[in-house]
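Data block below; observations after.
We did not get these values from a lab; they are worked out from the coordinates using the rules stated. Computed from a predicted model, the values in this text were never measured in an experiment. When we count neighbours, we look across all protein chains shown, and the Cβ atoms used for this are built from the backbone with ideal geometry, even at glycine.
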Amino acid sequence: MLSKSKRYAKKFIFGEMSAAIFVLAIIIGGGCAVNKKTDPLNKSYTRNDSYVFENMLDDKIFNLTFDDTIDLFKDLSNSNYKSIFENSTLLWVKTLYDEYGIVVTFYTMYESGDFNLSQCPDRYKDEFIANSDWLKFGFHTLNGDTSYETCDISADYLKTVNELIRIAGSDSIDNVIRLQSFQGSKEGVSKLLALTEEPVIGLLTADDSRQSYYLNDDENKYIYCHDRMEKDGCHFISTDMRIEYVENIDKKIRELSTNSWNNQTGDLVVFTHEWALNPDTKEKVEKMCQYAKDNDYKFVYFEDVLN
């Protein structure tokens, strides 16, 4: 397993090229080449708009993440397990790793109800570190009621990440994150990028047409129908699919080969929520992992390929 410093030294460079493509797209067509219809539908639902092909990334990364994570830490706190994989959620994702080779990130809340991360013991730290090449954790929000549309984020970020480091080690931290409700002001995001401890290097944007963070309309349209863009030193990466919203996963997989997904399957960013992990959702996730493996996606973290 490579240390975080060594992994950063191996990152690939794509920022200048993606920025040039973004500028060209803005000049040509307002940032998003779509038919003149209403706003694009949520990408998790059936898509009817046709997207003009512009470019495709070479990386072809499959990214699987889980938002609103807190229950697994509560379970680890309340149980006398010998292994983290006695937790049912962690055991399930380990079966995905063993079967498909995927990597996963759990985006974590600091607190929920009467439980917070400070109550979770650090006795599993060595095991988390031993599995950190495929199992990571990242900041999502302080709690389910917090909005980051205008307020500062860095205090909540550091409070949460420092607990995650105590519990799981610094190698287990993912520095590309998804903030709650895709909210964050330019000032708030800039502070996350400038942190000396576990600085953020990228943000995952919305799987629907809502505004992501502080992007303007043209930028928001562009990232909605492309894989990546870079702005103000931050890598923005488009989220493609919210699994609990997908009614028919087999139909959705067939849809990925249509022109409504042009420019968006170079990276395939799939997520759900910890609270949504019922048998139906898990089956859909497993089918997406199989699709990614069958179609030669790379199972790597974005932080390892972003410059």
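Pairs to check: 60/252; 251/284; 94/293; 60/287; 136/298; 94/252. Give those whose C-alpha atoms are more than 20 Å from each other in this structure.
Those over the limit are 94/252.
Say we join alpha carbon atoms closer than 10 Å with springs in a Gaussian network model of the chain; which of 134, 92, 261 then has the biggest fluctuation?
92
Only one of the listed values, (i) 14.8; (ii) 15.7; (iii) 18.4, was derived from the coordinates as mean projected area of the Cα convex hull in nm²; which label is it?
Recomputing mean projected area of the Cα convex hull in nm² here picks out (i).
Around residue 154, with a cut-off of 13 angstrom between Cβ atoms, what is the net charge of the other residues, counting Lys and Arg +1 and Asp and Glu -1?
Surrounding charge for residue 154 is -3.
Using Cα atoms only, what is the angle between the long axis of helix 279-294 and the major principal axis of the chain, expressed in degrees (0 to 90) to the nearest 10?
With both axes taken from Cα atoms, the answer is about 60 degrees.
Of 115, 139, 66, which is the most mobile in a GNM of the chain whose springs link Cα atoms less than 10 angstrom apart?
Per the Cα network of the chain with a 10 Å cutoff, 115 tops the list.
For the stretch 52-198, rounded, prolate or oblate, judged on the Cα gyration tensor with a ≥ b ≥ c (square roots of eigenvalues), a/c < 1.5 rounded, else prolate if a/b > b/c?
Oblate shape, in that a/c is at least 1.5 and b/c is the bigger or equal ratio.
Please list, by residue number, every one of the GluC sites (Glu not before Pro) in the stretch 149-222 that is coil in DSSP and has at most 11 other beta-carbon atoms within 10 Å.
Answer by residue number: 197.
Please give the length that would be gained between residue 217 and residue 255 if that part of the chain were fully extended, namely 0.36 nm times their separation in residues minus their C-alpha to C-alpha distance (nm, one decimal).
Here the segment from residue 217 to residue 255 would lengthen by 11.0 nm.
Given 0.36 nm per residue, what is the gain on full extension from residue 166 to residue 245 after removing their alpha carbon distance, in nm?
Contour length minus the Cα-Cα distance gives 25.0 nm.
Report, to the nearest 10°, how far helix 154-168 tilts away from the longest principal axis of the Cα atoms in the chain, using its own Cα long axis and a range of 0 to 90°.
For helix 154-168, the angle is close to 50 degrees.
Under a GNM of the chain (C-alpha, springs under 10 Å), which listed residue has the highest mean-square fluctuation: 231, 43, 284?
Of 231, 43, 284, the most mobile in the Gaussian network model is 231.
Using Cα atoms only, what is the angle between the long axis of helix 88-100 and the major principal axis of the chain, expressed in degrees (0 to 90) to the nearest 10?
50 degrees
Identify all aspartates and glutamates with a Cα-Cα distance to residue 191 below 15 Å; exclude those on the same chain that are fewer than 8 residues away in sequence.
Straight-line reach from residue 191, under 15 Å: 149, 152, 156, 232.
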